[in-house]
Structures are given as structure tokens and as C-alpha cells.
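See structure below.
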Amino acid sequence: MQVISRKEAKAAGMTRYYTGVPCIHGHDAERHTGNNACVMCQRKTDFIYKKKKYAEDENFRKKKISRGSRRQKVRYSTDELFRAYKREHCRQYYLRNEDAFHAQSKEWARQHPDETRRIKREWAAKDYAANPEKYKTRAAESRKANLAAARKKGREWQKANPGVVNYHNTCRRALKMKAMPAWADKEKIKQIYLEAKRLGLVVDHIIPLKSKYVCGLHVENNLQLITATENARKGNKFEGGHCFAFA
């Protein structure tokens, strides 16, 4: 740095100047032209003053936090290295305080049950939309592993919701009536249902009465006897094939 006097620095319009002589604290640094203070000493004094004011003045504290947050957001969005550093810093901080974070999350969930349920439902809906097959497979495996409990739960739900059950049964009967043409052999259909009762099976429509892609008829050659488990697994899907008539 070039040695220059304070008077010369003022005349040149400079805000700092360098004398080459250390200050009383031993700092070999520039000095402020306005008050002749050492830059290093002034920086330390400002730090102590701002630290004290930050602890005592709430408005000053909020202002500093807000300004720091804005600066970090701008830097985070533009600086890839800073972004990677912050992510790693947050990850390490979380690992050091994992138990505290879990306790805080549980306490917040306990105090805000409605908000917690809403967040869980929204997350589950988004995840289901992105991975529907994963949930279907998981549900099928869970039901298979806990078949007795699932059936018990289903019976309890039916007992608790008789109106809904009657509604679905009525809709099913109406759908069958609409899907039964005049030329259907009602006697053969009746015999198929009697045979199902005798064998402990269920009557299934090979081509579903109501499906997303195809709708079948309630006629004798669109009926087959299968187990209840196979019927539940099949649902209203139809992947093609032959329709077998019953003699």
C-alpha cells in the first residue's frame, strides 16, 4: 500500500489512507480519513457494539435477521457451491440433533392434529398419483397376509353402514336388469346361480357389466363360476378371452 498523509487523502477525496505506522493496538492497517481510526480497531469496535445492540434491541435483531435471510436466498439461488455447502451443513446439523428434531415434530403434530391429518392426506394423494401400482400391490399383500382381519373389518363396516350397502346392492340389481336383453335365457341363468350355491362358488361376469373399457350383458354365456377370492382379485377387469356358454 502507498504511504500517504491524512491531509493528502482528504484533498484527494479518499475515505482511507495508509501511514505505514501501526496503531496503538499494533495493527499495521489503513486508517479512516474521517476520524483517523484504525480500520481493524474500528471493525472490532463496531462488532462489539452491534453484538450488544443485537442482544438488547428487538427491532434491530429482526432487521438483521431479515436482511441476512434475503442475502442468503439470493446467494442460494445463484451460487451452486454455496447451495451444496448449505445442504451439507443442514444435513450434518440434522444428524447432530436428530432426536431433538423428532421430539419437536411430534410435539407440533400433537398440538395441531387437524393440520397434521391434512398434510398427511395431501402427501399420500400426491404419492399415490405418482405410484399407484405400489399402493395397490402393498394393499393386496397386506390383505393376503391378514385375510381374516380384513374380512372381519369388512363385515364390521357393512354392519355399521347398512344404508351404503343397500344402495350398492340396489344399483347392482338395477344394472343387471338393464344388462339383461329380452332374448336372455332366464332359466339357464337361474340354474347357474343354483349350481354356484351348491358348490360354494360365486357367479362372475366374464365381461364385466360395468367397466372402463367394455360392458357385458347379464346373459347365460357371460357367466362363470369362480371362488370368492378369484372374484375379488378379478374385480371389473377384462383382458379378453372366450365366453363359455353353460349347457
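Roughly how many debye, to the nearest 20, is the charge dipole of the stretch 73-176 about its Cα centre, given +1 on each Lys and Arg Cβ, -1 on each Asp and Glu Cβ, and no other charges? The calculated dipole for the stretch 73-176 is roughly 780 debye. Here's the list of lysines a cross-link from Lys212 could span, going by alpha-carbon distance under 19 Å and ignoring same-chain residues fewer than 8 apart: Lys136, Lys176, Lys178, Lys234, Lys237.
To the nearest ten degrees, helix 147-160 and the longest principal axis of the Cα atoms of the chain are 80 degrees apart. Of the options (1) 54, 45, 40; (2) 76, 39, 30; (3) 119, 36, 29, only one is Cα extents along the principal axes in Å as computed from these coordinates, and that is (3). Counting only DSSP H runs of at least 4 residues, each contributing -39500 (n - 2.57), and dividing by the residue count of the chain, the helix-based mean residue ellipticity at 222 nm comes to -21000 deg cm²/dmol. Binning all Cα-Cα separations of the stretch 1-98 at 10 Å, short to long from zero, yields these whole-percent fractions: 13, 23, 24, 27, 10, 2. How big is the gap, in Å, between the Cα center of the stretch 134-205 and the Cα center of the stretch 77-124? If we compute the Cα centre of each part, the gap is 45 Å.
Close amide H contacts of Arg16 (hydrogens built in the peptide plane, cut-off under 5 Å, sequence separation of 5 or more or a different chain): Thr33.
Amide H to amide H, with H built 1.01 Å from N, Ala29 comes under 5 Å of Cys23, counting only residues 5 or more places away or on other chains.
Placing +1 on the Cβ of every Lys and Arg and -1 on the Cβ of every Asp and Glu, with nothing else charged, gives the chain a dipole about its Cα centre of roughly 700 debye. Each Lys and Arg contributes +1 and each Asp and Glu -1, all at the Cβ; summed about the Cα centre of the stretch 125-247, the dipole is approximately 520 debye.
3J(HN,Hα) couplings calculated from phi for the stretch 27-43 with the Karplus curve 6.51 cos²θ - 1.76 cosθ + 1.60 (θ = phi - 60°) are, in sequence order, 7, 8, 9, 5, 10, 6, 5, x, 10, 6, 8, 5, 4, 5, 5, 5, 5 Hz; Gly and Pro show x.
Descending by average beta-carbon neighbour count within 10 Å, the peptides 183-189, 44-50 line up as 183-189, 44-50, the highest first.
Throughout, read-outs are computed from the coordinates displayed, never taken from laboratory work. Quick caveat, the model's predicted, so the values are computed rather than measured. Every residue, glycine among them, receives a Cβ derived from its backbone with ideal geometry; neighbour counts consider all protein chains shown.
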